[in-house]
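Written out below as structure tokens is the structure these notes cover.
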Amino acid sequence: MGKAEVTSQYIIETVAPVFNKYGYAATSMSEVTKATKLTKGAIYGNFESKEDLALQAFNYNSRKVIGMVAEKMNAETTPAKKLQAMTDFYRNYYQLTKKYGGCPLLNVGVDSKHQNPVLLKRVREIMRKLQKGIADIIREGIRQKQFKKTVEPDAMALRILAQIEGGIFITNLLDDQNHMNDVMDHIDRMIETEMNV
């Protein structure tokens, strides 16, 4: 990795929590320079614009979180255990992301909805990939006869993802981990009663 790539990576890693916590519009370039201890010229020498930097920071944040949950799920061998690993991961998600300003997908999704179509498009792409990933696990569970063949994978995956994101929202809003645990318990019961053979 050359010096320019190292500098770009340093900037992204340094400002990723700032953008995540305060949002695109509320994060000024002076806050970016203060966090990185670099000049605006150095920032713009590595990124085309503030929007480009915010997009790269969001990609970094979302890859980090998705990588952590994927690692837990990929360590399991059956579809049912993969879904259990996912709910187990999200039971600790609030504490895990609290120091970074919360869930990057939720934060940027809400923040960008009416003001940044580039970021909004990226959040939607990632949400669709997450839904597809969960649906693919459900399809494999049906194929392996762990899950009922009557389960509609795409619809069930969307319900699971919506409950996770809703749980993240209410947990952060009310600053109470118990809400996330309750939602994960509900997802586990839903899988047990509606999906398992």
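Just so you know, all these numbers are worked out from the coordinates, no wet-lab data involved. Here the structure is a predicted model, which is why all the values come from computation and not from measurement. Glycine also receives a Cβ, built like all others from the backbone with ideal geometry; neighbour counts cover every protein chain displayed.
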Taking Cα atoms only, helix 117-143 is inclined relative to the longest principal axis of the chain by an angle, in degrees rounded to 10, of 20
Using Cα centres only, tell me the gap between segment 117-176 and segment 60-97 in whole Å.
12
Just add up the charged neighbours of Gln163: K/R +1, D/E -1, any other residue whose Cβ is under 12 Å from the Cβ of Gln163.
-2
Taking the chain and counting helices only, DSSP H stretches of n ≥ 4 at -39,500 (n - 2.57) each over all residues, the nearest-500 ellipticity at 222 nm comes to -25000 deg cm²/dmol
Which one of Phe47, Ala135, Thr193 is farthest out on the positive end of the charge dipole of the chain, using unit charges on Cβ (Lys, Arg +1; Asp, Glu -1) and the Cα centre as origin?
Phe47
Are any of the pairs Lys81/Lys129; Lys81/Lys113; Lys81/Lys149; Lys3/Lys50; Lys3/Lys113; Lys81/Lys121 more than 29 Å apart by Cα-Cα distance, and if so, which?
Lys81/Lys113; Lys3/Lys113; Lys81/Lys121
So the angle from the long Cα axis of helix 177-190 to the longest Cα principal axis of the chain, reported in degrees to the nearest 10, equals 40
